[in-house]
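> Provided herewith is a single structure, encoded as structure tokens, for subsequent inquiry.
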Amino acid sequence: MDRETLERTLTVDGERFEVAERPDEPGTYDFTWLTGPNPDYGFTTRVHGADSLSTRQLEDSAREFLGQVDPDTGYIE
């Protein structure tokens, strides 16, 4: 069964992310940091044992990412 790609924009702590769930990999999400200093920078997260993450879980993932980013470089060091 084919799944449609789930795409949405989230705002977390003033930062915007485009989030896309991979249609062929349920529970795998690609985050692109839209307001970050480095174009197309982001991260991927995957949930094990469940079909999808809630909005709150997606926001928590983005918050965790932001907590790891070096404010001087805009990258995880």
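The values are calculated or read from the model by the stated rules, or taken from the named source; none is laboratory data. Worth saying up front: this structure is predicted, and the values here are computed from it rather than measured. Reconstructed Cβ throughout: ideal geometry from the backbone, glycine too, with neighbour counts over all protein chains shown. Just the protein is used for accessible areas: all its heavy atoms, side chains included, with ligands, DNA and RNA removed. Shrake-Rupley method; radii C 1.70, N 1.55, O 1.52, S 1.80 Å.
> Within the stretch 12-31, how many residues are closer than 19 Å to P71 by Cβ and either open to solvent by 20 Å² or more (accessible area, probe 1.4 Å) or out of contact with any Lys or Arg (no Cβ under 8 Å at 6 or more places or on another chain) (or both)?
Residues that pass the stated criteria total 6.
> Determine whether the stretch 37-55 contains at least one residue that is out of contact with any helix residue (DSSP H, G or I) (no Cβ under 9 Å at 6 or more places or on another chain) and assigned to a helix (DSSP H, G or I).
Yes, because at least one residue in the stretch 37-55 is out of contact with any helix residue (DSSP H, G or I) (no Cβ under 9 Å at 6 or more places or on another chain) and assigned to a helix (DSSP H, G or I).
> List every residue pair whose Cβ atoms sit under 7 Å apart, with the two residues 6 or more apart in sequence or on different chains, where the first one lies in the stretch 33-48 and is among the hydrophobic types (A, V, I, L, M, F, W, C) and the second, anywhere, is open to solvent by 90 Å² or more (accessible area, probe 1.4 Å) and modelled with pLDDT of 95 or more.
From the stretch 33-48, the pairs are L34/R16.
> Would you check if D60 is among the charged types (D, E, K, R), outside any strand (DSSP E or B) and over 12 Å from the mean Cα position of the chain (by Cα)?
Taking the combined requirement at face value, the residue does not satisfy it.
> Now a separate question. Please work out which residue is most open to solvent (accessible area, probe 1.4 Å), limiting yourself to the stretch 63-72 and to residues that are hydrophobic (A, V, I, L, M, F, W, C) and in a helix (DSSP H, G or I).
Filtering the stretch 63-72 for residues that are hydrophobic (A, V, I, L, M, F, W, C) and in a helix (DSSP H, G or I), the one most open to solvent (accessible area, probe 1.4 Å) comes out as L66.
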